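> Dropping the structure in here first, questions after.
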Amino acid sequence: MRVLGLGCGQPGGSAEILLTAALRAAGDAQLVRLTDLRTDDDLWWLWERLVECDGLVVSTPIMTRTIAAPLKAVIDRLLGPNADAAIVEHLVAVRRGGTEPAVPFRVDERVLKPRVAGFLAVGGSLTPQWKTLALPLLHTVAFSMHMAVVDQAVFGGAGTPRSILLDDAALERAARLGAHVASQLGMAFEESRYLGEPGLCPMCHLNVVELTGTAVTCATCGSTGELAAGGAIRWTDLTTSVISMAEKRAHAREIQKTAAAHAEARAEIDARAADFGTFAAVVRP
């Protein structure tokens, strides 16, 4: 079983150093630098690495509170519906039944293989508010393929090249994360255990929540609950989390239902598009 490491920063930089520590602890591992990917063909080469792996470790520098741009591009271009476990599950079932779905996304059954993941993020700031969005957005790497995130960690104080090497605790923590990922290779989502620091949300184990009065929604994954006396959160519905297959399946049904409704209205959509036209004053470099 193999672990794949995705390096999202500069070669030899702090994020890659942490990733190297994790992969060395994980055992049989490969490292892919996103800076080496140049074309759409390279993205599908990366796809092959992703669907073949049993464990994934992603390490990113923190840029303006969030993840590096090359990783955002991979998420948007590669890890959408084609990588969605519930959509692939649905399309496989529909086609085995002899019909075609309303939206025929690309189907690769290897998406459904069990995978575990771990996340590392490193920035220069010493204060937490400059790192808040890094781990939540890293979860968008794992949502679609229904990977079980077994560990995650964020580091600060590494604002100059390779300076994470001065932080022995960070290197040890990254190695521990790699070992955690390796310890659960091949486990089904339901069998895997989260081994990182606990957070408020029981699904993503992070602390970023949205409050609407006393109603609570996890801003990372969508679990819902309510604010109880004393400020504690009582989680009431974990099936609303995008981590759950229940929510993924509901979303897959929603996509197909919406597409079917739009197919019936396609002539009207096309007529409105022709009437609407295009904006005349387009400027280009």
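> Here is a check on your reading of the model: is PHE189 in contact with a helix residue (DSSP H, G or I) (Cβ under 9 Å, 6 or more places away or on another chain), in the same structural domain as ALA69 (by TED's automatic domain parsing) and crowded, with 18+ Cβ neighbours inside 10 Å? Break it down stepwise before answering.
Values: in contact with a helix residue (DSSP H, G or I) (Cβ under 9 Å, 6 or more places away or on another chain): yes; in the same structural domain as ALA69 (by TED's automatic domain parsing): yes; crowded, with 18+ Cβ neighbours inside 10 Å: no.
No, not satisfied.
> If I go through the range 231-251 residue by residue, how many of them are aliphatic (A, V, I, L, M) and more than 15 Å from GLU190 (Cβ to Cβ)? Working first, answer last.
Initial filter on the range 231-251 (aliphatic (A, V, I, L, M)): 232-233, 238, 242-243, 245-246, 250.
The next check asks that each one be more than 15 Å from GLU190 (Cβ to Cβ); those that pass are 232-233, 242, 250.
So the count comes out to 4.
> Return yes when GLY277 is at pLDDT below 95, at positive phi and not assigned by TED's automatic domain parsing to the domain that holds VAL51 and no when it is not. I'd like the intermediate steps shown before the answer.
Numbers: at pLDDT below 95: yes; at positive phi: yes; not assigned by TED's automatic domain parsing to the domain that holds VAL51: yes.
When the stated conditions are applied, GLY277 passes them.
> Working carefully through the options ALA117, ALA93, find the one that is in contact (Cβ under 8 Å) with a residue 60 or more places away in the chain and within 28 Å of GLU190 (Cα to Cα).
Details: ALA93 fails: in contact (Cβ under 8 Å) with a residue 60 or more places away in the chain.
Answer to the check: ALA117.
> Could you identify the single residue in ALA232, ALA274 that is surrounded by 10 or more Cβ atoms within 10 Å (Cβ to Cβ) and small (Gly, Ala, Ser)? Outline the logic, then answer.
Numbers: ALA274 fails: surrounded by 10 or more Cβ atoms within 10 Å (Cβ to Cβ).
Sole residue among the options that is surrounded by 10 or more Cβ atoms within 10 Å (Cβ to Cβ) and small (Gly, Ala, Ser): ALA232.
> Inspect all residues belonging to the range 239-261 and state whether any of them is without any contact (Cβ under 8 Å) to a residue 40 or more places away in the chain, farther than 29 Å from HIS146 by Cβ and not assigned by TED's automatic domain parsing to the domain that holds ASP151.
no
> If only one of GLY27, GLY5, GLY55, GLY9 is surrounded by 20 or more Cβ atoms within 10 Å (Cβ to Cβ) and out of contact with any Ser or Thr (no Cβ under 8 Å at 6 or more places or on another chain), which one is it? So that I can check it myself, show each step before the final result.
Details: GLY27 fails: surrounded by 20 or more Cβ atoms within 10 Å (Cβ to Cβ); GLY5 fails: out of contact with any Ser or Thr (no Cβ under 8 Å at 6 or more places or on another chain); GLY9 fails: out of contact with any Ser or Thr (no Cβ under 8 Å at 6 or more places or on another chain).
The match here is GLY55.
> What about GLY231, is it over 27 Å from the mean Cα position of the chain (by Cα), on the phi > 0 side of the Ramachandran plot and not assigned by TED's automatic domain parsing to the domain that holds THR60? Spell out how you get there, then give the answer.
Values: over 27 Å from the mean Cα position of the chain (by Cα): yes; on the phi > 0 side of the Ramachandran plot: yes; not assigned by TED's automatic domain parsing to the domain that holds THR60: yes.
Yes; evaluated as a whole, the condition is true for this residue.
The values are calculated or read from the model by the stated rules, or taken from the named source; none is laboratory data. Just so you know, these numbers come straight off a predicted model, no measurement behind them. As a convention, Cβ positions derive from the backbone with ideal geometry for all residues, glycine included, and neighbour counts pool all protein chains shown.
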